[in-house]
Amino acid sequence: MTQQPALVNLVISSGEPAGIGPEISIAAALAFLQEQPTATVTLLGDPSLFSMLSMSKDLPARLQLEAIPLALPVLAGQLNPANAQYVLNILDAAVKGCLNQRFDAMVTAPIQKSVINDGLTPGDVLFTGHTEYLAKLCNQDHVVMMLCATLPAGFLGLQKSHDLRVALVTTHLPLREVASALSQKHILETICIVEHDLQRRFGIAKPVIRVAGLNPHAGESGYLGHEEIDMITPAIKAAKELDIQVSGPYPGDTMFDAKALDSVDAFIAMYHDQGLAPFKFVSFGGGVNVTLGLPIIRTSVDHGTALDIAGKGTADPGSMLEALRLAYDLVVNSRNVKT
């Protein structure tokens with residue numbers, strides 16, 4: 001008798017209530033459950049945002065809504081700082097459920113950082129993004145933001161489809177603060193976290209990693225900056241001594257070579273736009289954000305709240321569907337690694 005695979009229990013935090021998060025969460029969850037019979041999905045949010053769940057009799061039993069109340073009713077496309085704590089409440093509930101092993105992974109819909117900060121009270125810590133907030137909730141000093149997408153055969157001359165993964169050493173910082181935020185220790189830790197989670201979560205036995213420089217032409221031997229000499233190259237050397245297959249630093253404008261996709265499992269950029277500008281240019285809106293270095297699995301869409309189309313029924317759930325698929329795969333991979 002063939003043993004049935006264990007269920008994978010996913011939870012979705014539905015994001016900014018005035019944005020497209022609730023509608024893409026429903027649409028993607030329904031599509032995902034139709035293609036994946038060994039999964040359950042729990043939606044977190046206010047029931048008023050998911051009225052179709054109570055109206056439809058055809059919804060699968062494997063889709064559940066867990067109610068978390070809004071502070072005030074929502075008008076699509078209109079931000080309200082009064083609901084800032086609501087957004088944090090659904091994130092808190094998702095993380096707690098994963099840490100308690102009630103859920104196997106969490107998938108996050110987009111949030112609006114500005115309105116969360118508008119809703120803070122004096123003395124609250126500035127909210128800089130999902131990645132940093134989840135690190136705090138999980139008591140992790142260093143986590144890594146990585147974007148993933150599958151590039152199809154034929155694109156950029158690819159003979160077959162390839163997975164593109166781009167990780168970041170720094171995340172949501174003003175550009176003028178990036179250089180001072182770098183250190184050999186931080187870069188080395190980033191490389192180690194990327195390698196570790198590629199092995200543990202993605203099932204890649206011996207990942208191959210490329211690392212970018214910070215400055216044009218990777219510093220031009222010190223003529224265009226010393227960060228490569230002082231921090232990045234020493235960090236790469238130290239990682240090699242730990243038997244990590246890593247190379248660099250590469251100039252940011254030439255590191256992302258389509259031919260390298262045959263052999264490179266992840267690219268590490270020094271700052272947000274250095275990595276995400278080329279990534280989003282080629283990912284067709286189907287990218288997935290993964291937080292590495294957490295004790296839990298978290299994936300997310302790679303786009304914003306799209307307030308201008310919220311509530312109109314035109315939002316594309318493709319990135320959310322890909323985030324659910326990847327979360328499922330990461331759970332299965334992690335189970336296989338443990339066994």
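The values are calculated or read from the model by the stated rules, or taken from the named source; none is laboratory data. Only a predicted model underlies this, so the values are computations on that prediction, with no experimental measurement involved. Positions of Cβ are generated from backbone atoms using ideal geometry, with glycine treated the same way; all protein chains shown enter the neighbour counts. In case anyone asks, the SASA skips ligands and DNA or RNA and just uses the protein heavy atoms, side chains included. Shrake-Rupley method; radii C 1.70, N 1.55, O 1.52, S 1.80 Å.
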Requested in this report: Can you figure out the FRET efficiency of Val332 with Asp273, using R₀ = 41 Å and their beta-carbon distance, to the nearest 0.05?
Outcome: 0.80
Query raised in the report: Measuring with a 1.4 Å probe in the full set of protein chains, what accessible area per residue, in whole Å², belongs to the chain?
Result: 47
Report task. Subtracting the Cα-Cα distance from 0.36 nm times the residue separation, let me have the gained length for His217 to Leu173 in nm, one decimal. Result -> 13.6 nm
Query raised in the report: Where does the charge balance sit around Ile209 when Lys and Arg score +1, Asp and Glu -1, over other residues with C-beta under 11 Å from its C-beta?
Result: +2
Report summary line: the chain, Gaussian network, Cα under 10 Å: of Ala315, Ala181, Ala218, the residue fluctuating most is Ala181
Report summary line: Residue separation between Ser114 and Lys259 times 0.36 nm, minus their alpha-carbon distance, gives in nm 48.3 nm
**Report entry** Distance between modelled label sites at Gln36 and His186, nm, 7 Å Cα→Cβ extension
**Finding:** 3.3
Report summary line: Sorting Val125, His217, Leu156 by the position of each Cα along the dipole of the chain (Lys, Arg +1; Asp, Glu -1; all at Cβ), the one nearest the positive end of that ordering is Leu156
Requested in this report: Would you rank Phe256, Phe127 by solvent-accessible area, highest first, keeping every protein chain in place and using a 1.4 Å probe?
Outcome: Phe256, Phe127
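I need the shape label for segment 237-306. Rule: rounded when a/c is under 1.5, else prolate if a/b > b/c, else oblate, with a, b, c from the alpha carbon gyration tensor. Don't skip to the end; give the middle numbers.
Details: a/c = 2.10, a/b = 1.31, b/c = 1.60.
Oblate is the answer for segment 237-306, as a/c is 1.5 or above yet b/c matches or exceeds a/b.
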Requested in this report: Could you list the trypsin sites (Lys or Arg not before Pro) in segment 267-339 that lie in coil according to DSSP, counting only those with at most 14 other Cβ atoms within 10 Å of their Cβ?
Outcome: Lys312
Requested in this report: For every helix of n ≥ 4 consecutive DSSP H residues, a contribution of -39,500 (n - 2.57) applies; sum these over the chain, divide by its total residues, and give [θ] at 222 nm rounded to the nearest 500 deg cm²/dmol.
Outcome: -10000 deg cm²/dmol
Query - the chain, accessible surface, carbon-and-sulfur percent (1.4 angstrom probe) - result: 53
Report task. Run through the DSSP bridge list for the chain and note the antiparallel percent, rounded to the nearest 5. Result -> 35
Report task. Quick one: angle between helix 272-282 and the longest Cα principal axis of the chain, in degrees between 0 and 90, rounded to 10, please. Result -> 70
Requested in this report: Under 14 Å from the Cβ of Asn100, count the other residues' Cβ atoms, weight Lys and Arg +1, Asp and Glu -1, and hand me the total.
Outcome: -1
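Does segment 127-232 come out rounded, prolate or oblate by the C-alpha gyration tensor, with a ≥ b ≥ c the root eigenvalues, rounded set by a/c under 1.5 and, if not, prolate when a/b is larger than b/c and oblate if not?
Oblate, because a/c is 1.5 or more while a/b does not exceed b/c.
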Report summary line: Check: in the chain the Lys pairs 8 or more apart or on separate chains whose Cα atoms fall under 13 Å apart number 4
Report summary line: Counting Lys and Arg as +1 and Asp and Glu as -1 over every other residue whose Cβ sits under 10 Å from the Cβ of Lys280, the net charge comes to -2
